[in-house]
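Remarks on the structure that follows.
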Amino acid sequence: MKLKLNSSWRRENSGNVRRRFFLRSIEFRSDKLGKGPLVVEIYWRRLLVAGSVLSLTTYLVAATALFFWWERSAWNRVTWTDIVLAPVRWEQFREARGNSAIQMAIHQLEQRDYVEGFYGLRVGLQRAPGHVAGRVLLARIYTGFDPAQTISVLEAGIPHAINDLGFARLLLSYYRNYQAGERALTKTAQLLAGEIGPVLTPEARQVIATARAGFLLDKDRADEALLLLTPPATRAATVVEQHIVRLRVDALIRLGRAEEAAAEFARLRHEEADYDDFRAEAELAIAADDAVALEGALRRMRAEKPTEPPPYLYTFQSWHRLKRLTLRDAAEQEYHRLFGANDGAM
């Protein structure tokens, strides 16, 4: 047998020979009389084109079959284009598969199939780590039995979702609910410095800076907190601006700057005052040693939450701080009268 390579596009005609072709590119040639060796002649340019066309056709048929197989599921998020372009867009393909798994997991959880749903969420988030709803749902599942894992799941989403304000606020709220102040201070410092996560949007930066200020105040680091709290230009119009003003009032009081705190407090919209406003007013009254103003603020706090322990406990603490011992003792008696049977309150 003889092997020949031919770069020609056209097949050559021979005389007294038998000829057979494979893919119109490989010629098997032998003498009709059986004389001479078998000749295999490869038209390699034609073979290259034929092989490419055959491979592409096979690939597209396989991709289409796979798409229709997956499309049977109502939760499929993988498109035909995702499958076809998977070799060059693997991350997008992987994310689409993850989104599909998460959507199916959410449905399974709704149907009370908790084991499969839990597993599906974990697998889906490995493939699609930026799926905020899936990450939040998994974190809430962990909340009931593993607080540390709850924080870990949410922190794993920082590189992908920290600019989602709902996600950012949820993470920060879990830090507070689990009393993870030191961890919150570390992570917020890294985020604001750009050491972890993506570049923060102005809105996300404000949310994180404000939350960090709150954690700093918990540690009596009022001077650092004040630097993070940019006051609104005029009166606080939005909920976010009102929260910032309240934190500034708290920081200024702690720093002994009562007059500035009072001026800051005036930025609040008092016609829509709530429990937090009344508490800020009470703090100002304590700073000014004004028992009359304090009594009014405490009364409004109790009226806002008449059946909850916090305003009554705060009343006791306030009179103690103001050194009004008779009023403090009366507040203590009232607290015991109202919540003495409440084990949680005591």
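The values are calculated or read from the model by the stated rules, or taken from the named source; none is laboratory data. Please read all numbers here as calculations on a predicted model, not as lab measurements. So basically every Cβ, Gly included, is an ideal-geometry build from the backbone, and we count neighbours across all protein chains shown. Just so you know, the surface numbers come from the protein's heavy atoms only, side chains and all, with ligands and any DNA or RNA stripped out. Shrake-Rupley method; radii C 1.70, N 1.55, O 1.52, S 1.80 Å.
Considered as a group, the residues in the stretch 239-248 that are out of contact with any Lys or Arg (no Cβ under 9 Å at 6 or more places or on another chain) and farther than 18 Å from Lys219 by Cβ include one that is surrounded by the most Cβ atoms within 10 Å (Cβ to Cβ), and that residue is Ile244. Just one of the listed residues (Ile196, Ile253) is open to solvent by 20 Å² or more (accessible area, probe 1.4 Å), assigned to a loop (DSSP other than H, G, I, E, B) and touching a helix residue (DSSP H, G or I) at 6+ places or on another chain (Cβ under 6 Å), namely Ile196.
Quick check, is Arg328 farther than 20 Å from Ala213 by Cβ, open to solvent by 80 Å² or more (accessible area, probe 1.4 Å) and part of a helix (DSSP H, G or I)? Break it down into steps so the answer makes sense when it comes.
Values: farther than 20 Å from Ala213 by Cβ: yes; open to solvent by 80 Å² or more (accessible area, probe 1.4 Å): no; part of a helix (DSSP H, G or I): yes.
No: the conditions fail for Arg328.
The residue that is surrounded by the most Cβ atoms within 10 Å (Cβ to Cβ), counting only those in the stretch 29-69 that are of a type in the set (S, T, N, Q) and at pLDDT 75 or above, is Thr64. Scanning the stretch 218-229 for residues that are in contact (Cβ under 8 Å) with a residue 24 or more places away in the chain and surrounded by 12 or more Cβ atoms within 10 Å (Cβ to Cβ) yields Asp218, Lys219, Ala222, Ala225, Leu226.
Could you identify the single residue in Ala213, Ala204, Ala209 that is touching a residue at least 40 places away in the same chain (Cβ under 8 Å) and open to solvent by less than 90 Å² (accessible area, probe 1.4 Å)? Quick ask: steps written out before the conclusion?
Working: Ala213 fails: touching a residue at least 40 places away in the same chain (Cβ under 8 Å); Ala209 fails: touching a residue at least 40 places away in the same chain (Cβ under 8 Å).
One residue alone meets the criteria, Ala204.
Contact map, the stretch 315-341: first residue closer than 16 Å to Ala293 by Cα, second residue of a type in the set (Lys, Arg), Cβ cut-off under 8 Å, separation 6 or more or different chains; pairs are Thr315/Arg302; Phe316/Arg328; Trp319/Arg328; His320/Arg328.
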